[in-house]
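Below you'll find the structure, written out as structure tokens, and then a few comments.
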Amino acid sequence: MSHLATPPSPPALHIESGIATITLNRPAQRNRLENEDLQTLLAHFQQVNDDPAVRLLVLTANTQGQPKPVFCAGYDIGGFDEKGQRPITLCALNGSVYGGATDIVLACDLRIGLQGIEWRMPATAIGLHYYPSGLARYIQRMGLAATQRAFLTARPFTWQQLEKLGLFEDFVQATEWQATLNELTQDIISLAPLAAEETKKSINEIATGVAQEATLRERVDRTSLSEDFAEGRAAFAERRQPVFRGQ
């Protein structure tokens, strides 16, 4: 049996320099979520939401000792975005993903994947009708045809098939994984905090059909009058990196 450097435990949270990283941490069980893990995840999400210094939440997994990397082998995680996540969320999918755990990937704002992984939704193959919010998110994120393939064949998607859906920012080789992930997180962190947070809200409201024109206009006005926008214009004119304050 392969030695695992980290013993199995609930998901771990690490916060540094405005980036919160939650790591699924049961590699010997293919990172399958247990009941206690769901409670821990919800507590972590709340802690991140309550910390205004956190601007990006990265979800990833410990895959040490696994013959083939598995991000998560599944569970019903329908409560993941019950109240919505304030920071931008990025799923760093560094292993294959199965069942209900695919919803945690779809619930994120952005995704990056490791070449060689697979994605499978076996619900109908084991006699289950998937929960409504997860099914709706599949259609919204992956489109009708891909959702039908996922649920009505239960066949896995290869990473090449996932790439064609346009769902992921990129699929990278293992040797380039950390460098590519670091570059992407820095690009996200460099965005104007107020504009990014308000834009995320508007995108999600428009996508789910609950957007109000007046609210969207208020956000436009708020950011156009912000110190960050003035700083962004000044930095562009002076050909330097902006220093945003979220105001």
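Working note: Cα atoms of the chain, range along each principal axis, descending, whole Å: 56, 40, 33. Close Lys pairs in the chain (alpha-carbon distance under 26 Å; sequence gap of 8 or more, or different chains): 4. Note on the chain: with a GNM built from Cα contacts shorter than 10 Å, the maximum mean-square fluctuation among PRO132, PRO27, PRO193 falls on PRO132. The length gained by stretching the chain between LEU144 and LEU225 to full extension, at 0.36 nm per residue less their Cα-Cα distance, is 25.2 nm. Given a cut-off of under 8 Å on Cα pairs at least six residues apart, what relative contact order in percent is computed for the chain? Reported relative contact order: 13 percent. The share of accessible area on region 72-183 that comes from carbon and sulfur is 53 percent, using a 1.4 angstrom probe. Annotation for region 39-138: trypsin sites (Lys or Arg not before Pro) lying in DSSP loop with at most 15 further Cβ atoms inside 10 Å of their Cβ are LYS83. Ranking ASP187, ASP109 by solvent-accessible area of protein heavy atoms (1.4 Å probe, all protein chains present), from largest to smallest, gives ASP187, ASP109. Among all cysteines in the chain, which have no other cysteine Cβ under 4.7 Å from their own Cβ? Singleton cysteines: CYS72.
What the Cβ-Cβ distance of ARG155 and GLU176 gives, at R0 = 35 Å and to the nearest 0.05, is a FRET efficiency of 0.80. Taking every DSSP bridge with both residues inside region 51-190, close to 10 percent are antiparallel. Taking every DSSP beta bridge that has both residues in the chain, what percent is antiparallel when rounded to the nearest 5? Here the antiparallel bridges make up roughly 25 percent for the chain.
The values are calculated or read from the model by the stated rules, or taken from the named source; none is laboratory data. Just so it is clear, the structure is predicted and the values come from calculations on it, not from any experiment. Every residue, glycine as well, gets a Cβ built from its backbone with ideal geometry; the counts of neighbours run over all protein chains shown. Just the protein is used for accessible areas: all its heavy atoms, side chains included, with ligands, DNA and RNA removed. Shrake-Rupley method; radii C 1.70, N 1.55, O 1.52, S 1.80 Å.
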